[in-house]
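Participant: I'd like to ask you about the structure that follows.
The values are calculated or read from the model by the stated rules, or taken from the named source; none is laboratory data. Small disclaimer: the values here were computed from a predicted structure and weren't measured. Virtual Cβ from ideal backbone geometry, glycine too; neighbours counted across all protein chains shown.
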Amino acid sequence: MSSLSKLPGSILAPASGTRSSEPRFFVRFCGRFPIAKRDSSLGLLVRKDRVGACSLIVKCSQDGNSSSTKRTSLHDLYESQGQSPWYDNLCRPVSNLLPLIASGVRGVTSNPTIFQKAISSSSAYDEQFRKLIESGKDIESAYWELVIKDIQDACKLFEPIYDETDGGDGYVSVEVSPRLANDTYGTIEAAKWLHKVVSNPNVYIKIPATADCVPSIKEVISSGISVNVTLIFSLVRYEAVIDAYLDGLEASGLSDLSRVTSVASFFVSRVDTLIDKMLEKIGTPEALNLRGKAAVAQATLAYKLYQKKFSGPRWEALLRKGAKKQRLLWASTSVKNPSYPDTLYVDPLIGPDTVSTMPDQALQAFIDHGTVSRTIDANISEAEGVYSALEKLGIDWNEVGDQLEQEGVDSFKKSFESLLVGLQEKADSLKLVSH
């Protein structure tokens, strides 16, 4: 989707065989040896490069209404396993999401890095940005106007899913400023402001799971605002996030809790990226044999913790008031190590009442050859074994979580600051042109 605008020196080619009564799809051919083909399950053109990597890089322009919707494994994932597939990307035109919704996508996540790529690499935002600057908006205010429009437009597209599931699905997530990652009160105020200005029932306000923001989560939930808690990298922090959600529900004073929902975004692939480096440094056969196993093992144990915390008297009391479980959301599902299977962070983490948010490549890989089966709690003892084996090798899970959290916060801050600099340069150029 957003990759359309990032591919330099490419040409647009119409998909062959399209008819005027169907959506038309276009693909950019990049690199020296592109191969385009129509994916049989989606009717979308995808690109396969020489190493066989696939990515959804489709762009859709609607020519009439298509009455037929082809089923994909995403539909099966939700209907047979109770896991909601979401898309981890957002850019203009937001109508690009329509073929993905038809393919079974049930929600969207965004973050500062996604918006940095979308806005800096596309001219689709220029007209609105020009008007905002000419009206006297400062750069950061203009940024939020651009973001809020995308979020509102996406929320409208997913409202039918939200309505059909009685608020159980169909959410679009927008994150508070990454500058606030260590500001409890500032995060609370920013979350309330974002919720008010977006003004859509199916928006999730994203709050990072930093130590300073865990109290923010409780306060925002108690205000009746639905939250996507992001940047969770450890079981200890995850349990604190669950408690913040439960505390918030209990403190809300609401008699009907059914419209206050939440997801806990547990990051996966980045865990392996860091721990694999540690294991390679240790270098023993035992250590090397554990590469690529840490992330899924910890995520499996997170699901076990989820099942424990959302049961028993405390939860049952909230359930009687209509409360909904804070679903686990698997984030960072793209494979960073090319030697690993491209569905490594999707296939083994399938279970009821969970969400898997996937960027282009992970989404296409799962549609193409993913396995729809309940796997999340199929090998709990094996996951426990991996987790403890890593501890015995000197891997401190809490330290890993803290490092990854800081890296995640720093990465989002860097993207945010980079985008603001780019927008300032664009604003300066507009002012030069106007003189």
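Participant: Conditions first: (1) in contact (Cβ under 8 Å) with a residue 12 or more places away in the chain; (2) out of contact with any Asp or Glu (no Cβ under 8 Å at 6 or more places or on another chain); (3) surrounded by fewer than 21 Cβ atoms within 10 Å (Cβ to Cβ). Leu194 passes all but one, so which condition is the exception?
Facilitator: Of everything listed in (1) in contact (Cβ under 8 Å) with a residue 12 or more places away in the chain; (2) out of contact with any Asp or Glu (no Cβ under 8 Å at 6 or more places or on another chain); (3) surrounded by fewer than 21 Cβ atoms within 10 Å (Cβ to Cβ), Leu194 misses just condition (3).
Participant: Output the residues belonging to segment 159-175 that are in contact (Cβ under 8 Å) with a residue 60 or more places away in the chain, of a type outside the set (Ser, Thr, Tyr) and surrounded by 15 or more Cβ atoms within 10 Å (Cβ to Cβ).
Facilitator: Scanning segment 159-175 gives Ile161, Gly167, Gly168, Asp169, Gly170, Val172, Val174, Glu175.
Participant: Going residue by residue through segment 135-145, is there one that turns out to be in contact (Cβ under 8 Å) with a residue 12 or more places away in the chain and touching a Lys or Arg at 6+ places or on another chain (Cβ under 6 Å)?
Facilitator: no
Participant: When only residues in segment 114-146 that are of a type in the set (Lys, Arg) and more than 20 Å from the chain's Cα centre (by Cα) count, which is surrounded by the fewest Cβ atoms within 10 Å (Cβ to Cβ)?
Facilitator: If we take residues in segment 114-146 being of a type in the set (Lys, Arg) and more than 20 Å from the chain's Cα centre (by Cα), then Lys131 is surrounded by the fewest Cβ atoms within 10 Å (Cβ to Cβ).
Participant: Among (1) surrounded by fewer than 18 Cβ atoms within 10 Å (Cβ to Cβ); (2) assigned to a loop (DSSP other than H, G, I, E, B), there is one condition Arg106 misses while meeting the rest; what is its number?
Facilitator: Of everything listed in (1) surrounded by fewer than 18 Cβ atoms within 10 Å (Cβ to Cβ); (2) assigned to a loop (DSSP other than H, G, I, E, B), Arg106 misses just condition (1).
Participant: OK, next. Please verify whether Phe310 is closer than 30 Å to Ile225 by Cα and in the same structural domain as Ser269 (by TED's automatic domain parsing), treating the condition exactly as stated.
Facilitator: Yes.
Participant: Continuing with this model, one more query. Looking at (1) within 20 Å of the chain's Cα centre (by Cα); (2) touching a residue at least 40 places away in the same chain (Cβ under 8 Å); (3) in a helix (DSSP H, G or I), which one does Val355 not meet, given that it meets all the others?
Facilitator: Every condition holds for Val355 apart from (3).
Participant: Is it true that some residue in segment 322-331 is more than 21 Å from the chain's Cα centre (by Cα) and more than 19 Å from Glu382 (Cα to Cα)?
Facilitator: Yes, segment 322-331 contains at least one residue that is more than 21 Å from the chain's Cα centre (by Cα) and more than 19 Å from Glu382 (Cα to Cα).
Participant: Continuing with this model, one more query. Looking at Thr300, Thr343, which is the one that is among the hydroxyl-bearing types (Ser, Thr, Tyr) and closer than 26 Å to Leu90 by Cα?
Facilitator: Thr343
Participant: Let me ask something additional. When residues of segment 281-312 are filtered for being of a type in the set (Val, Ile, Thr) and under 16 Å from Gly351 (Cα atoms), how many remain?
Facilitator: Of the residues in that region, 2 qualify.
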